[in-house]
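Structure first, commentary second.
What follows draws every value from the coordinates through simple rules; no lab data is involved. Quick caveat, the model's predicted, so the values are computed rather than measured. With ideal geometry, Cβ positions are generated from the backbone for all residues, glycine too; neighbour counts draw on all protein chains shown.
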Amino acid sequence: MISVWEKETFYSPQDIVIIGSGFAGLWSAFYLKKRSPRLKITIVDRGIIPTGASTKNAGFACFGSLTELLADEQRAGTEKMLELAAMRYKGLEMIRSCFPSKEIDMDMCGGYELFTPKENNITSDLEQQIDYLNELLQPILKKKPFKLADKKIDSFRFKKVIHLIRNDLEGYLHSGKLLNVLLHQVRLMGVQVLNNIEIKKFEKINDRVQLETNHAINLSAGQLLICVNGFARQLIPDLDVEPARGQILLTSPIKNLPWKGTFHYQQGYYYFRNLGNRVLLGGARNLALSEEKTYSLETTPVIQNELERFLKQVVIPDQEYSIESRWSGTMGIGTEKMPILKEISPDIFCCVRMSGMGVALAPLLGERVAKMMT
Ligand SMILES: Cc1cc2nc3c(=O)[nH]c(=O)nc-3n(C[C@H](O)[C@H](O)[C@H](O)COP(=O)(O)OP(=O)(O)OC[C@H]3O[C@@H](n4cnc5c(N)ncnc54)[C@H](O)[C@@H]3O)c2cc1C
């Protein structure tokens, strides 16, 4: 049983309850409070810390590699591809304008896409593809982002790589630090964040949304915002969102690592970056697409062995290292790549399906959520 003090302090009726304290929930709270400082807002998360994608990712601050954007264009059309790239790029600018880069280890040091002989379907006219995308992106980014950088291949000591494309407009950050400064910021703005509470059900009764939790407490809100990304179907079963596990490994420190930055391979299905002098490598989900549609946070030999193979044969072929850690996180994907931001019924909103780019997308979506809800 809860006391009157608890009831009146922590579980009192709220203007807005947000489910999920990943980047989407936190940026939404941030912009809601900016627009309407008096709003009583509580964020609840079932994890001791956020337990989805936001603290499990690779920390790329990017808007898409050349092959990923071309694949997006094929799937969704030029307009949608450009809209999504613009949203990601704007989101990155918003992060930089809200927090000093030093606090979140953000470094827009540039990135690359690599190509091996396997990708000869695209490498035959790579320069043409670069020109094509640069022309499309220039009005949005005010710069032509992509250029051929084959001269770097030798100094990076990659193996099997025949082409490199440089993108000056991307980089990386420390996802844990970004999440922490956001948490700190929203608390300073008066948002209450409650962990270890799972929302089991919600229902609109009269004018209020009633939330059933896994504890002997219920919450009530004027409006509800669902920011649970890959877990959306557990609360809204008919939404076009599926979980997609992403696996990662991290090496031990490597002496004289010959490169720095973010790297993409095969439409972004493989990605790696330096973390100081360690290598963080993730992806290979395309090897087992249906097995990786899971809420499980295990890592698997199929994916991890492939990541190790790629590391050894392509990325750092002549170096001594061990694997320091491995982990996985849950993305939210669907038949479309565009995130879902909508009012699903009166006073009940959702902002989910952030796919593999939620670091960049979440600030802009948070701002849009705030406009929609206030
Ligand atoms: C391995 C991996 C690598 C990635 N790399 C990058 C990258 O480099 N760059 C990039 O931009 N993006 C990357 N992403 C994607 C990015 O991390 C996500 O798009 C983003 O973090 C999604 O944020 P979110 O707040 O929507 O969801 P999440 O961070 O998943 O947050 C959802 C939260 O909801 C909570 N929750 C769920 N259900 C309930 C419930 N019923 N009650 C209470 N709480 C609940 C969960 O505990 C969780 O904390 C990566 C993702 C993964 C998995």
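Tabulated results
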| read-out | value |
| --- | --- |
| Under the span-like rule (Cα at least 27 Å along the axis, Kyte-Doolittle mean at least -0.5), DSSP H helices of the chain | 78-98 |
| The stretch 180-218-the stretch 311-368 distance, computed between alpha-carbon centres (Å) | 23 |
| Cross-link reach list, lysines versus Lys80, counting only Cα pairs under 21 Å and skipping chain neighbours closer than eight places | Lys90, Lys142, Lys143, Lys144, Lys337, Lys342 |
| Eligible aspartates and glutamates near Lys56 by straight Cα distance, threshold 18 Å, same-chain separation 8 or greater | Asp45, Asp105, Glu242, Glu292, Glu298, Glu324 |
| Protection proxy ranking of 179-187, 259-267, 41-49 - average other beta-carbon atoms within 10 Å, highest first | 259-267, 41-49, 179-187 |
| Estimated FRET transfer efficiency when R0 is 25 angstrom, pair Lys160-Asp125 (beta carbons, to 0.05) | 0.75 |
| Convex hull projection area averaged over all views, the chain, Cα basis, nm² | 19.0 |
| Residue (of Ile153, Ser101, Trp327) at the positive-pole extreme of the chain, dipole from beta-carbon charges | Ser101 |
| Antiparallel %, DSSP beta bridges [both residues in the chain], to 5 | 70 |
| Cα centroid separation, the stretch 1-47 to the stretch 66-131 (Å) | 34 |
| Gaussian network model of the chain, springs between alpha carbon atoms under 10 Å - residue of Lys312, Lys200, Lys342 with greatest fluctuation | Lys200 |
| Helix-derived mean residue ellipticity, 222 nm - over the chain, DSSP H n ≥ 4, -39500 (n - 2.57), to 500 | -9500 deg cm²/dmol |
